[in-house]
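The values are calculated or read from the model by the stated rules, or taken from the named source; none is laboratory data. As the structure is a computational prediction, the values presented were derived from the model and not from experiment. Positions of Cβ are backbone-derived with ideal geometry, glycine not excepted, and every protein chain shown enters the neighbour counts.
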Amino acid sequence: MNNSLGNPARLLGAGLRALLVLTVLCGVLYPLAVTGVAQTLLRHRANGSEITSDGRVVGSELIGQTYDLPPRNPAGPPPGPRPDLRWFQPRPSNGLGANSVNTRYALILSGATNRSGDNPDLIRWVKEAKKAVLADNRAGEYEPKPADIPADAVTSSGSGLDPHISPAYAALQAHRVAERNGLAPARVERLVRDHTEGRTLGFMGEPRVNVLRLNLALRELTGK
């Protein structure tokens, strides 16, 4: 009888000791070690690649956001977001749902719309976006042509949260941004070139422009 009772007790004790050791090792020491290494060697990336301006966080270099005007009637129903055309605009983010929590970007999840090329909703979104791009980016004698509009100006990215636009889309917006801010187009075009990132390691991906960093540089240039 004593052996019958002792064996389960020893097994239970060994299991509890193993649970305690593994809890301390995997649940306390390992997370602390990984956090310490990340905060020491990769602090910027470990904290979400945050971008600060004037001492406060204004966004992440990994997550896109919108640049809209305030609602016309804050007390009433929203008339829909209207882009603030003083700033460079990001890619569209249609089709992935809306939220009232993260008002910086009209998405509640990340992912592709999975709509085919002949889907009526996708075709309508592209046509509406193309019409808006042509209308919004007229500036003085400059008038963009339909053939000048790159794909990223009228389609969302695979994640819907892309913080970058193509240099072509940024250049297309430069005349409008210059006019709205009282700047010479050549100065804004140079700003775009200065903030164009090349391919990763020289051969992966495509050249791109981070919209948030570009708009922060624009704000410094205009003093707004």
Condition broken by GLN89, with the remaining ones in (1) of a type outside the set (Phe, Trp, Tyr); (2) in a loop (DSSP other than H, G, I, E, B); (3) modelled with pLDDT under 90 satisfied: (3)
Considering residues of segment 171-207 that are under 18 Å from PRO83 (Cβ atoms) and among the small types (Gly, Ala, Ser) only, the residue surrounded by the most Cβ atoms within 10 Å (Cβ to Cβ): ALA174
Looking only at segment 44-84, and only at residues there that are farther than 19 Å from SER157 by Cα and among the aliphatic types (A, V, I, L, M), the one that is modelled with the lowest pLDDT: ALA75
Residue satisfying condition, being surrounded by fewer than 16 Cβ atoms within 10 Å (Cβ to Cβ), modelled with pLDDT under 95 and within 19 Å of the chain's Cα centre (by Cα), within set ALA132, ALA147, ALA151: ALA151
All positions within segment 49-68 that are in contact with an Asp or Glu (Cβ under 9 Å, 6 or more places away or on another chain) and at positive phi: SER49, GLY59
Selection from segment 154-170 of residues that are surrounded by 14 or more Cβ atoms within 10 Å (Cβ to Cβ) and in a loop (DSSP other than H, G, I, E, B): VAL154, THR155, SER156, SER157, SER159, GLY160, LEU161, ASP162, PRO163, SER166
Pick from segment 171-219, criterion part of a loop (DSSP other than H, G, I, E, B) and under 22 Å from the mean Cα position of the chain (by Cα), ranking: farthest from ASP148 (Cα to Cα): LEU201
Segment 154-186, subset out of contact with any strand residue (DSSP E or B) (no Cβ under 9 Å at 6 or more places or on another chain), over 16 Å from ALA132 (Cβ atoms) and of a type in the set (S, T, N, Q), residue modelled with the highest pLDDT: ASN181
